[in-house]
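> Right, I'll just put the structure down here and ask away after.
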Amino acid sequence: MQKLARTLAAAALLAGSAIPALAADGRDYISIVGSSTVYPFTTAVAEQFGKTTKFKTPKIESTGTGGGLKLFCAGVGVDTPDVANASRPIKQSEIETCAKNGVFQIVEIKVGYDGIVLANSKKAGQMQLSRKDLYLALAKDVPSPEGGDRLVANPYKTWKDVNPKLPAEKIEVLGPPPTSGTRDAFVEMVMDHGCAAFPQIKALQATDEKKFKAVCQTLREDGAYIEAGENDNLIVQKLEANPRSVGIFGFSFLDQNADKIQASAIDGELPEFKTIADGKYPVARPLFIYVKKDHVGKIPGMAEFLAEFASDRAWGEQGYLAEKGLIPMPKDEQKAMAAAAKTLSVMVNK
């Protein structure tokens with residue numbers, strides 16, 4: 001990545017004069033796309049920004065992290081977004097796509113932490129799951145129940161088939177599509193970890209990482225895992241309608257719907273504000289916004305919007321984003337990220 005960073009820096013210098021000018025009258029509001037998980041936090045900042053400044057309220061679209069970064073990396077100019085919400089770090093391949101399209105000056109700002117939760121209706125019993133259970137329940141291919149190293153098409157129909165301690169309910173999990181950062185984080189933090197519980201598969205990590213990821217991260221396509229789109233509120237509604245289903249989404253949606261749904265414990269830990277903040281909950285992750293530096297100073301209000309996002313009243317321990325379910329960063333991280341937002345420090349490596 002250091003080599004890539006040097007390449008991007010050199011390209012940026014060469015291409016600086018070729019960056020298309022942003023027409024002053026082309027767009028007078030900030031355009032934001034990306035993660036459905038980060039969406040409610042950015043929306044809260046945008047609303048506050050619109051109420052307290054002379055600038056227009058930013059327009060925000062929930063496209064999923066992958067979809068948002070694809071739009072963000074499409075180029076520089078008023079017809080492309082200024083900011084991308086992301087529930088995972090930007091990938092090397094996405095940085096390269098940005099560079100090919102003239103987007104060299106990318107500012108990465110971590111905004112806080114979140115937990116990926118598995119939840120069901122309060123009308124049903126609370127689940128106690130391990131990451132191994134989830135791998136066996138959701139992977140397309142799993143080790144044969146008869147033993148040995150052979151992988152077979154997933155034969156498990158109920159949670160009890162996976163683990164005798166679990167209920168004899170049909171496996172039906174509503175989760176995000178491949179364009180979602182939540183999906184990316186889920187397969188890495190849950191599926192990879194559960195998969196590695198099997199020595200014959202774990203050994204692939206060292207010898208054939210591509211095959212390891214294919215085995216661990218490919219989800220079932222027989223109806224046990226249902227892609228429910230980027231609208232996490234819709235998943236919550238479906239859980240209410242079908243108490244036997246389990247949903248996958250960010251902690252903030254659990255926090256905002258605690259009267260209707262309950263979280264499953266993962267490896268013995270429940271997703272709570274404290275367990276996510278201190279790292280005890282095993283499926284916690286950082287959240288980001290990515291800023292197109294070339295647009296700052298040209299699209300009205302961008303510097304001021306970033307200042308609002310990076311303020312203690314927004315992302316601090318007692319800030320309004322914590323009320324929305326965002327897990328605040330430690331003070332030293334907040335200070336570093338606030339500095340990045342102010343100085344627009346461009347990414348130098350990944």
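> Work out, step by step, the length gained on full extension between residue 233 and residue 260: first 0.36 nm times the residue separation, then minus their alpha carbon distance; give nm to one decimal.
So the extension gain works out to 8.5 nm.
> Leaving out ligands and nucleic acids, and using a 1.4 Å probe, what accessible area per residue does the range 59-102 come to in Å²?
On a per-residue basis, 38 Å².
> Hey, what D do you get for the range 241-304 in µm²/s if you plug the Kirkwood alpha-carbon radius into Stokes-Einstein at 25 °C and 0.890 mPa s?
165 µm²/s
> From the Cα gyration tensor of the range 123-240, with a ≥ b ≥ c the square roots of its eigenvalues, which class applies: rounded if a/c is under 1.5, or else prolate if a/b is larger than b/c, or else oblate?
oblate
> Keeping every protein chain in place, order 29, 281 by accessible area at 1.4 Å, biggest value first, i.e. largest first.
Ranked from most to least accessible, the order is 29, 281.
> Going by Cα centres, the range 28-82 and the range 232-271 are how many Å apart?
26 Å
> Give me the three principal axis extents of the range 54-162 from the C-alpha atoms, as integers in angstrom, largest value leading.
Computed over the Cα atoms, the extents are 61, 38, 21 Å.
> Now for a different question. Compute the distance in nm between two label points, each set 7 Å from the Cα along the Cα-to-Cβ direction, one at residue 101 and one at residue 160.
5.1 nm
> Let me ask something additional. For the chain, which whole-number percentage of the solvent-accessible area (1.4 Å probe, protein heavy atoms only) is attributable to carbon and sulfur atoms?
Percent of accessible area from carbon and sulfur atoms in the chain: 52.
> Which of the lysines could a cross-linker span from residue 59 if the Cα-Cα distance has to be under 17 Å and same-chain partners fewer than 8 positions apart are dropped?
51, 292, 298
> Same structure again: Suppose each label sits 7 Å from its Cα in the direction of the beta carbon; what would the residue 205-residue 240 distance come out to in nanometres?
Between residue 205 and residue 240, the simple spin-label model gives 4.0 nm.
> Kindly sort 317, 269, 308, 146 by accessible area of their heavy atoms, largest first, with the probe set to 1.4 Å.
Per-residue accessible area, sorted high to low, gives 146, 317, 269, 308.
> Something else about it: Using just the helices of the chain, give the 222 nm mean residue ellipticity in deg cm²/dmol: DSSP H runs with n ≥ 4 each add -39,500 (n - 2.57), and the total is spread over all residues, rounded to 500.
Estimated from H runs of four or more residues: -10500 deg cm²/dmol.
The values are calculated or read from the model by the stated rules, or taken from the named source; none is laboratory data. Because the structure is predicted, anything quoted here is derived from the model rather than measured. No Cβ is skipped: glycine too gets one built from the backbone with ideal geometry, and neighbour counts run over all protein chains shown. Quick note on the areas: whole protein, heavy atoms, side chains included, nothing else; ligands and nucleic acids left out. Shrake-Rupley method; radii C 1.70, N 1.55, O 1.52, S 1.80 Å.
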